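**Q** Submitted below is the structure of interest, expressed as structure tokens.
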Amino acid sequence: MDNSGNFTLEIVVVGIIILLILGIILAATETSQEKISKITENNNIEKTISEACDSLINDAGTPINWEDFKAKRIGLAIVNEDDNIVPNSVSYFKLLELGKDYDNYVTKRIFDNKFHSSMELIPRETSISSVKIGDNDRDTDNVYSVNRLVKCDFFKKYAVCDFLNDGKCNHNHNQKAYSCNYFKLFKGNLKSMNYYLLFDGSEKNDVKYSIDTTHFKNFGDGSTVHETEIYLNNDLGDLFEEDETSSVIFIHLNKKDTKAVLVGVPKDFDKNKLNYNYFTAQTCDFVIKAWS
């Protein structure tokens, strides 16, 4: 083979090598671009659910009691007795309502149908069950989540009075040794509501209670608490005089800062949830997960 033939072969070999190098560079570039695109997508998901989470737990929505009406804007934050928003909080009933139409409220309105998601409220108090709404997690590694520490009210709206707060006492009991409180009861309420005294488990056999009114006074320390749940409708009904339609009821507990709460719940209320902790504010983890 002459020199011109050798030169042509060298050009072909060099050309092949160049094409191989260009192919490797192109493949590496595409891989890098895919990685950058995936990282950007993942960062966007994490940013989106993080912003959504912070918005939900610090906004009550519109109207502020939207769970009872048609929501114009979704929010989960609790509104207190003074109509002020409680920061970093989750209303139990708003969360349940959100779960009833999750696809519309969350997937469509909050996340614009970009990905699937779920929300879970996990109480630190183990006697209370966690609540999860939304889609079931898929078997994938690409699940992104955010976690916020929040306060949840659970069934606190049914609490009539709390004995960790001082109230009036018609016996003038010394509140350094007693926990007393009062409420106004209409006789007709006993037909639609069940009233219970609920105690923390630590109070069993360690406190006595008595109930009376402005016109009828019980003297002495009363009955010992042997159960964490005491049904009161019969006792309350006996306190009404024949012509009375309402009365101011006083409840006395012979211990300072008793962990107890008086509740009035609907007749069909789930008795398995007649637990003291369900009717007081609880610390919870609020977790939002999302995946494409």
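Taken together, the values in this text are just the output of simple stated rules run on the coordinates, not laboratory data. Since the structure is predicted, the reported quantities are computational estimates derived from the model, not experimental observations. Every residue, glycine as well, gets a Cβ built from its backbone with ideal geometry; the counts of neighbours run over all protein chains shown.
**Q** Using alpha carbons only, how many angstrom separate the centre of region 234-292 from the centre of region 120-154?
**A** Using only Cα atoms to place each centre, the spacing works out to 25 Å.
**Q** Charges at C-beta only: +1 for Lys and Arg, -1 for Asp and Glu. How large is the resulting dipole of region 164-258 about its Cα centre, in Debye rounded to 20? Could you put the intermediate results ahead of the total?
**A** On the way: 10 positive and 15 negative charges, 59 e Å.
Dipole size: approximately 280 debye.
**Q** Then there's this: Using +1 at the C-beta of Lys and Arg and -1 at the C-beta of Asp and Glu, which of ASN172, ALA281, VAL265 has the Cα lying farthest in the positive direction of the dipole of the chain?
**A** Of the options given, the answer is ASN172.
**Q** Which of the lysines could a cross-linker span from LYS157 if the Cα-Cα distance has to be under 22 Å and same-chain partners fewer than 8 positions apart are dropped?
**A** LYS157 reaches LYS70, LYS94, LYS100, LYS132, LYS168, LYS184, LYS187, LYS191, LYS259, LYS267, LYS271, LYS273.
**Q** Okay, helix-only estimate at 222 nm for the chain: each DSSP H run of n ≥ 4 adds -39500 (n - 2.57), divide by all residues, round to 500 deg cm²/dmol; what do you get?
**A** On the way: 4 runs with 73 residues, N = 292.
The per-residue figure over the chain is -8500 deg cm²/dmol.
**Q** Could I ask something else about it? Let me know the volume per residue of the alpha-carbon convex hull for region 164-258, in Å³.
**A** On the way: hull volume 9.0 nm³, N = 95.
Considering the Cα atoms of region 164-258, their hull volume per residue is 95 Å³.
**Q** Now a separate question. Identify which of the listed values of Rg and Dmax of the Cα atoms in Å was calculated from the structure shown: (i) 31.5, 129; (ii) 20.7, 67; (iii) 22.9, 71.
**A** (i)
**Q** Counting only other residues whose beta carbon sits under 14 Å from that of ILE249, what net charge do I get with K and R as +1, D and E as -1? Intermediate values should be presented prior to the final figure.
**A** Working: positive: LYS168, LYS184, LYS187, LYS217; negative: ASP212, ASP235, ASP238, GLU241, GLU244.
Once all neighbours under 14 Å are counted, the net charge is -1.
**Q** Relative to the first principal axis of the alpha-carbon coordinates of the chain, what is the inclination of helix 3-56, with its axis defined by its Cα atoms, in degrees from 0 to 90 and to the nearest 10?
**A** 10 degrees
**Q** Run the dipole for the chain about the Cα centre, Lys and Arg Cβ at +1, Asp and Glu Cβ at -1, nothing else charged, and hand back the magnitude in debye, nearest 20.
**A** Values: 33 positive and 44 negative charges, 92 e Å.
Charge dipole of the chain: 440 debye, to the nearest 20.
**Q** Also: Summing Lys, Arg as +1 and Asp, Glu as -1, what charge do residues with Cβ under 13 Å from the Cβ of GLY222 carry, GLY222 excluded? Mind showing how you got there, number by number?
**A** Details: positive: LYS208, LYS217, LYS255; negative: ASP212, ASP221, ASP235.
It works out to a net charge of 0.
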